């Protein structure tokens, strides 16, 4: 609960109309896209400037009020669920692109801008901002930065981290710092920019960012390869990489996923194949043509029974945007979908796919798998019903085993969704106890009162999780 | 304020009426957010988004929150445009959830006496009775024709109405006389060629206030070779009731319509109002609790077809269609687009007209803010949405804005009036526009033929003289 004093102070900073405490508002900001997690905040505040953010943080730091910075709430790790109450901080009034610098190839933006608008603005001047998380139509760039979001193009172009040159950050003590800049090189001190990208709102608040743009690729081609079994598809992925070809996109979908996606998008996806690879290459037209030809050969060598190339840009776009809907479309099959994003080195994809199938059989749960096979980032998605407690327990066990397997293969518990509250119990598998200890020291040094997004990444002390399980 | 008893009643009604599985279908992915006009217009407020509304409904059912004023406002502020449905990968049928929530809210909400009176008048006394609709429209006609309108204008009586209503009065079409309405023909034969037999769903407002558009529609169908029956016992589709939490009324009206059209024995039932059509195709859902009506409702719904879709099937776009040269744009009817999924047909028809330079409006698929009686009940938000729509309209530089639903038509006319563009821009229903294009096209073709025949005669005569 907020004290009356704190409430008045916050309202006077952001303006009464930009601070909501009614139950409708509190409920509407009590969740994100992660199933099973929900908790009510004490207030929802929308500041308009960095200075307002700083003042709000100072009040919260003095009064020990948790702050949960939130974009559009599309993350999949319960990263913005206000588990310990406090205020949800919104950026709907900090939603402007400040500058497009065509000489330095950068964009300077406020955190509340939709990712797709960054893409669009870059495209309008012949430039390219590659990160394209599944939710790019609605996700905000501030959220992408805090979660270090990936996307379909990670294999060739990397992830959000690789395009953040500089940040303006409000520290948990209310001070404002600027890191990096429009610079390709900068080794002046610790790389705080990289530290904050992916820090999940636990170390401070990003209030502005300078993003790197690259020239737009000349052309792009999109291909579908169909398989009668999962493993041939997975082996094709390894074969493509082993042959020194880096496609822009290399997505893997199993039959169940293809079927629901087709059901929603109705673009004529092949529902008879056991597995489908969606492959894209971009670049200079002769390179693209050559690569696509070689990829087609590799697909066939690895038992693809059909390989088709999209005939038009519309057809290609339809394929990739259909792929983006995979997760939500899967929910048509069962009331609850729980997905993970265990990631392994590319060479281990086939092994991982096999392991996931075995684990699903072992725990008698239904797991569909799709994902960014090209960068080893799979999205095993469990179709279940949260009302079935027994099954949910088995699902949790199955995922635990999947995490162990991923780490064993040299991978990680999460490739792009983040730890949040959801994967917090498994972080030690990847980071190790000493690793978590190092992270805890950083957190304690920057946020001694633990006001920033508490209960995420790791717990500060051992305490029970506040989870609404409905 | 909401009293304790009322809260409890609403809560139990919510539990009873809301389809919990449908609520759980929402994975909260947020893909619906950018499609929601109220989310955008409120500066991205999750409370006024589909995902937020579903969360609130679930919160009410689960007993986590009470039906506070803010919660009710969120449910009431929804346009019901259902733009969130086609973009929902999980396939949540938000329109159904909204109807169920409104039903639960309105049945137990304590309403003020004037509000109750108006609701009773509109929902029970007026719309279900076509003869009363005719009488009222007759009065409107008398008002428009008798000089009373001018007197009222002179005296400034209209100024006493809220702004939206005052403007609305200005943009209403000239309505037919009572006799014209009562002597509605019930059977029309195809002109030129015969292709199929259809029934026409005339609607309540469409057959009174917008009678001219209905006539244009049946004429188009006749030209397209349709034999048309217009069953006499049909009435209002019930959409207005269904969307406003008067579900029982809506069910009665649905049954009456199903019966009326069963007797007609036709392949299709044609509508020319996107809003009605979308409700008619959903009769199966409306009557889901009544097994003896299930099959009949579904059979009825399968036959529903929008006029633009029938015309495209009949190859109407291949006929000579012509209007005076101008820029034309199209404003989607939300329910035609989002529920019946008809959006290419009207565009193709318009683009096939000679003289039309078709310019697509930005966000043409976004609601205009009319939304049934929304522009009266939530006029502030409605006008905000309309302002955005007019900005986009102006950017097309269109002279003619074409719509496919009476509510949209009035709203666009209202927008034109508000912007002071009435001497530069017109809003029309697609049926009226197509009829104009067809008749013009025919005339032009005849003129051409006559000219060429004359030339031929001259030639012939010339030859003979030679």
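Structure values in brief
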quantity: For residues of A:26-35, the mean tally of beta carbons on other chains within 10 Å; calculated: 6
quantity: Debye log10 I(q)/I(0) for chain A, one point scatterer per Cα, at q = 0.08, 0.12 Å⁻¹; calculated: -0.47, -1.07
quantity: Separation of the residue B:424 and residue B:76 label points, Cα + 7 Å toward Cβ, nm; calculated: 3.7
quantity: Protection proxy ranking of B:59-72, B:228-241 - average other beta-carbon atoms within 10 Å, highest first; calculated: B:228-241, B:59-72
quantity: For segment A:218-323: rounded, prolate or oblate by the Cα gyration tensor [a/c cutoff 1.5]; calculated: oblate
quantity: Angle in degrees between helix A:349-362 and the longest Cα principal axis of chain A, rounded to the nearest 10; calculated: 80
quantity: Pairwise FRET efficiency - residue A:266 versus residue B:5, Cβ, R0 = 45 Å, nearest 0.05; calculated: 0.40
quantity: FRET efficiency, 1/(1 + (r/R0)^6) with R0 35 Å, evaluated for residue B:392 and residue B:126 via beta carbons; calculated: 0.55
quantity: Estimated inter-spin distance, residue B:417 and residue B:448, nm [label 7 Å along Cα→Cβ]; calculated: 4.0
quantity: Cα gyration tensor category, rounded, prolate or oblate, for the protein assembly as shown with a/c compared to 1.5; calculated: prolate
quantity: Segment A:4-90: radius of gyration over Cα atoms, expressed as a fraction of 2.2 N^0.38 Å; calculated: 1.02
quantity: Cα gyration tensor shape for segment A:325-470, rounded if a/c is under 1.5, else prolate or oblate; calculated: oblate
quantity: Förster radius 22 Å - calculated FRET efficiency between residue B:183 and residue B:146 (Cβ-Cβ, nearest 0.05); calculated: 0.55
quantity: Computed over segment B:228-338: relative contact order in percent, which uses C-alpha pairs under 8 Å that are six or more apart; calculated: 26
quantity: Sorted by Cβ neighbour density within 10 Å, fewest at the top, the residues A:282, A:95; calculated: A:95, A:282
quantity: Longest to shortest principal axis, alpha-carbon extents of segment B:227-364, angstrom; calculated: 52, 34, 21
quantity: Cα long-axis angle, helix A:285-301 against chain A (0 to 90 degrees, to the nearest 10); calculated: 70
quantity: Principal-axis tilt of helix B:130-145 within chain B, Cα atoms, nearest 10 degrees; calculated: 60
quantity: Part-to-part distance (alpha-carbon centres) for segment B:311-377 and segment A:280-325, which is given in Å; calculated: 36
quantity: Inter-site label distance for residue B:298 and residue A:314 at 7 Å from Cα along Cβ, in nm; calculated: 3.4
quantity: For B:385, A:436, A:367, order by how many other beta-carbon atoms lie within 10 Å, fewest first; calculated: A:436, A:367, B:385
quantity: Per-residue mean of C-beta atoms belonging to partner chains within 10 Å, peptide A:257-268; calculated: 1
quantity: Fewest-first ranking of A:441, A:328, using other Cβ atoms within 10 Å as the exposure measure; calculated: A:441, A:328
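Quick note: the coordinates plus some simple rules give every number you see, no bench work behind them. In this text, all values refer to a predicted model and were calculated from it rather than measured experimentally. Please note: Cβ atoms are built from the backbone with ideal geometry, for glycine as well, and neighbour counts cover all protein chains shown.
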